[in-house]
1. Using a 10 angstrom cutoff on alpha carbons, build the Gaussian network for the chain and name the most mobile of Ala170, Ala52, Ala215.
2. Below 8 Å between Cα atoms, with a sequence gap of 6+, how large is the relative contact order for the chain in percent?
3. On a 0 to 90 degree scale, rounded to 10, what angle separates helix 283-294 from the longest Cα axis of the chain?
4. Non-local amide H neighbours of Tyr322 (under 5 Å, H modeled in plane, Pro and chain starts lacking H): which ones?
5. For the chain, with a Gaussian network of springs between Cα atoms less than 10 Å apart, report the residue from Val265, Val164, Val282 with the top mean-square fluctuation.
6. Modelled label-to-label distance, Ala149 and Asp224, 7 Å Cα→beta-carbon offset: nm?
7. Using each residue's phi in the range 142-157, evaluate 6.51 cos²θ - 1.76 cosθ + 1.60 at θ = phi - 60° and report the 3J(HN,Hα) Karplus result to the nearest Hz, with x for Gly and Pro.
8. Need one word for the chain: rounded, prolate or oblate. Basis is the Cα gyration tensor (sqrt eigenvalues a ≥ b ≥ c); a/c below 1.5 gives rounded, then a/b vs b/c decides.
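Throughout, read-outs are computed from the coordinates displayed, never taken from laboratory work. Note that this is a predicted model, so its numbers are computed, not measured. Neighbour counts are summed over all protein chains in view; Cβ atoms, including those assigned to glycine, are modelled from backbone coordinates with ideal geometry.
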Amino acid sequence: MINTVDAKHNLHSGIFHPVLRQWQSPNVEITVNNLMYPIFISDEQDAKEAIASMPGVFRYGINHVRKLLQPLVSKGLQSILLFGVSKHLKKDHIGSNADSVQNPIIQTVPLIRQWFPNLLIACDVCLCPYTIHGHCGILNEDGSINNKASIERISEVALAYAKVGAQIVAPSDMMDGRIGAIKKKLIETGLVNKVAVLSYAVKFASGFYGPFRDASQSAPKFGDRKCYQLPPGSNGLAARAAARDVSEGADMLMVKPGLPYLDVVRQTKDAHPEYPMFVYQVSGEYAMLYHGAQNGAINLKNVLNEVLLSMRRAGADCIITYFTPLILDMLQPKS
Ligand code: PBG
Ligand code: ZN
């Protein structure tokens, strides 16, 4: 007699064919809709500068952006996240050049809107690339954060990006109350129905940002960011941060970094299932996979695919990743 218990214990019968395997993971596939590509835009218009700590990633001047994006858009790229890099612009205590006419984001966004009318443009909003001290907000005399002045300034910068055509503004500064301050300005100017706010709601103080600070030349000149970014063990504060930003009107939520915080991704998605969930695979995660593969320890495409699936499984609707060009290639139908 056939023992039906044995039959039920046989898992191989459900996974011996690729189509069967796909049916076992119905909600965790990767498509172009699940990707957002971060790009560093330099104030040096002709620059295409390699970033030593992020091999394969560059700082692009405005004159390179069109030919960078063209092939990616052809392969299905749907959204980008822009970071301004200031090589020559003067830095000061309030980040004046975050939204000046010389700012590379202010100059580039209208052009990208023209060149690629269907591409969705998100802009990172922060002061650290433009402040003389490299911190994300405005400081008091004693070096502590002046929160009120910071959110006033950050909401001004967000509004400036919105006015030149950013469809998403994404504040990464972690000041208290910035989502509400930004929403207020968007409402006052009548832009609220044309601009989404993607909150870096749950951003941990992480060693994984090291390569990025080199890329965007935004490392703090003294101290660290532990007084405004979340302590790595703090899942309670993570829950409060997400709930707070939801209550202030965030349209989408982010957890950052990704891989070391997938439990927090799941916790946040479960608490706010109505909100699109973003996960940022940050610079250190990129470098880790890149170098691991480069040194022969892992196969990049295999492991990358696995990591992306882990993020989707944890609840990510969209993954912000420097690997986007490679993933777009991986997604092309095999001929
Ligand atoms: C700065 C900012 C950081 C990142 C995005 N915006 C670094 C930091 O907070 O120190 C990290 C992105 C990455 O590491 O890829 N506001
Ligand atoms: Zn910052």
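1. Answer for the Gaussian network model of the chain: Ala52.
2. With pairs under 8 Å counted, the relative contact order is 17 percent.
3. That works out to roughly 50 degrees.
4. When sequence neighbours closer than 5 places are left aside, there are no close amide H contacts.
5. Val164
6. So the two model labels end up 2.5 nm from each other.
7. Computed from phi, the couplings for the range 142-157 are 7, x, 7, 6, 8, 5, 5, 5, 5, 6, 5, 5, 5, 5, 5, 5 Hz.
8. Verdict is prolate for the chain.
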